[in-house]
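Each remark here refers to the structure printed beneath this line.
FYI, it's all coordinate maths here, none of it is from the lab. Since we're looking at a predicted model, the values are computed, not measured. Every residue, glycine as well, gets a Cβ built from its backbone with ideal geometry; the counts of neighbours run over all protein chains shown.
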Amino acid sequence: MRAIKIIFTFLFVIVLSGVSPAYAKHKSPESAMLEANRAIEANPKDAKAYYNRGTAYYNQGDYEAAVKDLSTSISLESKAPDAYFNRGLTFRRQHKINEAIADFSKAIELYPKQAGYYFERCNALIAKNNYDGAIADCSEVIRLSPKDAAGYFLRGLAYFLKNDLDKALADSDKALELNPKYAEAQRLKTEILEKKK
């Protein structure tokens, strides 16, 4: 029972602490919203303006409006991987995991060199209990960003959930080697060692 509680805690932290779309030149969602509204008024076919406003809605917690604007952005510019990625993050917040996976997959198809796209799809695949798919995605995260402890932690979690404790322990150890203060990796390692007893 303790293992189940810890697993849900890991997934809660991973899902809710996911990447928040960022602003390059805005300090607040409000200023981004204002600028995006002006741009849309000036040019209703401006995909970037809808993307920026959708991102602002996301950061304000208005996920329905975010999906609508990000979808409009995609309809105007279908080759923009970040729009799919941010819509995938929004779907994940809405607990629409299948839609999130589809959007993360499209972002990867358009730009396969972005580790963050694989990382977020890995999160979603874990939520769907697709541990083999999650392990494959986290392996790609590690290949693209080998000094990032998060990829090792998340792959270790997938191995743990698959009950491959030796590989889970190796990945949690590597995550802690890269970031000794990584609390989630330490909790995972503790849980692995307890389960191995």
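Between 0 and 90 degrees, the angle of helix 165-178 with respect to the longest Cα principal axis of the chain falls at about 60 degrees.
With respect to the chain, whose longest principal axis is taken over its alpha-carbon atoms, helix 2-16 is tilted by about 20°. Over the stretch 26-96, the alpha carbon radius of gyration divided by the compact-protein estimate 2.2 N^0.38 Å works out to 1.00. Each Lys and Arg Cβ is given +1 and each Asp and Glu Cβ -1; about its Cα centre, the stretch 112-197 then shows a dipole of about 60 debye. Between helix 81-93 and the chain there is an angle of about 60 degrees, using the helix long axis and the longest principal axis of the Cα atoms. If you bin all the Cα-Cα distances of the chain at 10 Å, starting from zero, the percentages per bin are 10, 34, 30, 18, 7, 1, 0. Between A39 and D166, the modelled labels are 5.2 nm apart [label points 7 Å from Cα along Cα→Cβ].
Packing around the peptides 83-92, 45-54, taken as the average count of other Cβ atoms within 10 Å per residue, puts them in this order, highest first: 83-92, 45-54. Remark: relative contact order (the chain) = 13 percent; criterion is Cα-Cα distance under 8 angstrom and separation of 6 or more residues. Measuring nothing but how far apart in sequence close Cα pairs (under 8 Å, 6+ apart) lie, relative to its length, the stretch 28-111 scores a relative contact order of 22 percent.
For K195, the aspartates and glutamates whose Cα falls under 15 Å of its own Cα, not counting residues fewer than eight places away in the same chain, are D164, D166.
Most tightly packed first, judged by the mean number of other beta-carbon atoms within 10 Å of their residues, the peptides 188-197, 121-130, 67-76 read 121-130, 67-76, 188-197. Modelled spin-label separation between N129 and K48, with each label point placed 7 Å from Cα along the Cα-to-Cβ direction: 4.5 nm. Think of the chain as having a plus end and a minus end, set by charges on the Cβ of Lys, Arg, Asp and Glu; of A47, N129, F85, N129 sits farthest toward the positive end of this dipole.
Roughly how many whole Å is it from the C-alpha centroid of the stretch 143-172 to that of the stretch 68-118? For the stretch 143-172 versus the stretch 68-118, the Cα centre distance is 24 Å.
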